[in-house]
1. Which residue pairs have Cβ atoms under 9 Å apart, sit 6 or more places apart or on different chains, and have a first residue in region 76-104 that is within 27 Å of A369 (Cα to Cα) and open to solvent by 20 Å² or more (accessible area, probe 1.4 Å) and a second that is of a type in the set (K, R) and modelled with pLDDT of 90 or more?
2. Please enumerate the residues belonging to region 14-25 that are of a type in the set (A, V, I, L, M, F, W, C) and either within 22 Å of the chain's Cα centre (by Cα) or not in a helix (DSSP H, G or I) (or both).
3. Which members of region 26-68 meet the condition of being of a type in the set (D, E, K, R) and part of a helix (DSSP H, G or I)?
4. For V243, all conditions in the list (1) of a type in the set (V, I, T); (2) part of a helix (DSSP H, G or I); (3) open to solvent by 20 Å² or more (accessible area, probe 1.4 Å) hold save one; what is the number of the exception?
5. Does region 278-287 contain at least one residue that is surrounded by fewer than 20 Cβ atoms within 10 Å (Cβ to Cβ), over 26 Å from L179 (Cα atoms) and small (G, A, S)?
6. For a quick check of your reading of the model, give me the residue pairs whose first member lies in region 247-270 and is in contact (Cβ under 8 Å) with a residue 12 or more places away in the chain and assigned to a helix (DSSP H, G or I), whose second is open to solvent by less than 60 Å² (accessible area, probe 1.4 Å) and among the β-branched types (V, I, T), with beta-carbon atoms closer than 6 Å and at least 6 apart or on different chains.
7. Among the residues of region 6-40, write down those that are among the hydroxyl-bearing types (S, T, Y) and open to solvent by 30 Å² or more (accessible area, probe 1.4 Å).
8. Would you check which residues across region 214-231 are in contact with a helix residue (DSSP H, G or I) (Cβ under 8 Å, 6 or more places away or on another chain) and surrounded by 15 or more Cβ atoms within 10 Å (Cβ to Cβ) and list them?
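The values are calculated or read from the model by the stated rules, or taken from the named source; none is laboratory data. Source: prediction; values computed, not measured. For neighbour counting, all protein chains shown are included, and Cβ atoms are generated from backbone atoms with ideal geometry for every residue, glycine included. Quick note on the areas: whole protein, heavy atoms, side chains included, nothing else; ligands and nucleic acids left out. Shrake-Rupley method; radii C 1.70, N 1.55, O 1.52, S 1.80 Å.
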Amino acid sequence: MDTFTLITALVTISSLIAYINNRFIKLPGTIGVIVVSLLLSVLILLTGKIFPNAYTFIKDLTSGIDFTGTLLDVMLGFLLFASALHFDFNKLKEQRYPVLVLSTVGVIGSTFIFGFLLYWATELLHIDLPLIYCLLFGALISPTDPVAVLSILKKTKVPPALETIIGGESLLNDGTGILLFVIIKEVAGQTDTHVSLSYAAALFSQEVFGGIMLGVISAIVAYRTMKRVDDFQIIVMVSLSMVMVISVLGAILHVSIPLAAVSAGLILGNTSLGTKQSADMQHYFHNVWRLIDELLNTILFVMIGLQIVIMPFLKNYWLTGLLATVFVLIARALSITIPAVVLKRSLRTNYKSITILVWAGLRGGISVALALSLPESPYKETILSASYFVVLFSIIAQGLTLKKVVERLQR
């Protein structure tokens, strides 16, 4: 299947699924899209022998999509930039301490808590999964997914301060999670050497500070260009090219593309384009990026739903998936509660806030993409299948019930 046919099929299927959800099922946008996608995938799997052509077409379509490359190298920059563009920097500044703690210490703590819990359980149940791979699993599943989180928060009346913390954490913790994933993956792939602390610190500095610097420089160049023109088409094209340049240079320079995109979005979203632009033009600019965000969101969740067609081994790992789903919630609760107790004055949290923070910590496509990027090993299928279990539970179960949980706690 050539590239244009692949894109055409994916966009057409996404449009059809979004229409079915909007017209008949009427679930919240992203949740409805992934539910319909899953139902379509299950239906195709069940009727594969009756309608072999449909099964072959969807399987070829899903197999033809490089999910990891498409999401991490192409879509993620656009999605994070669009999300950060509409994020209030002043609110984020007010909640900077809890956001920074959760997006760094929280992710690292959750990774190790999850890893050791899963290793203990797999040892008890005689499931072959070494500790280093349990920690690797923890690194890819611990960060909350900004795409899933921010799309669900739009439909939920979370208290403003908590909404800022949850959204800010989801925007910033991908850098920590991906970096931790890279370091642990290198350790897992080495047998006679070890990754030194100095190497990890250098990699952290390069990824984090390099990514922020790339985003800031890109945003400044784009801002100086856009504020000198009053042509809406040029303004949009400059912003699009800026995000593309961030993705390309981020890969070449080996710096964090998520942090670069978020930095650029926060700068451009909280800065006036200049005297030449009217308020209406800036409003249209934000609406264009809001539309891009919604379109890419829909396509991404359809891609996640259709992945089940090429995961026939899911049934073999349901126990590991259930354990992972429980442990990821426990790990998140502990990784929030412990810093909250130590830094209670800064975090200002109570059991209600912690419950909302735990239940709003949705996982999404980034976790699946990282699991797919794992090198071939006897443990890849286990981690990939269990990641898929966690992501589906997170988006569907947590996403559908978050509003009720918030309302119940607020009473």
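1. Between residues of region 76-104 that are within 27 Å of A369 (Cα to Cα) and open to solvent by 20 Å² or more (accessible area, probe 1.4 Å) and residues that are of a type in the set (K, R) and modelled with pLDDT of 90 or more, the close pairs are H86/R290.
2. If the condition is that a residue be of a type in the set (A, V, I, L, M, F, W, C) and either within 22 Å of the chain's Cα centre (by Cα) or not in a helix (DSSP H, G or I) (or both), then I17, A18 are the ones that fit.
3. K59, D60
4. (3)
5. Yes - at least one qualifying residue is present in region 278-287.
6. S247/I257; G250/I257; A260/I246; A261/I246; S263/V216
7. T8, T12, S15, Y19
8. L214, G215, V216, S218, A219, A222, Y223, T225, M226, V229, D230
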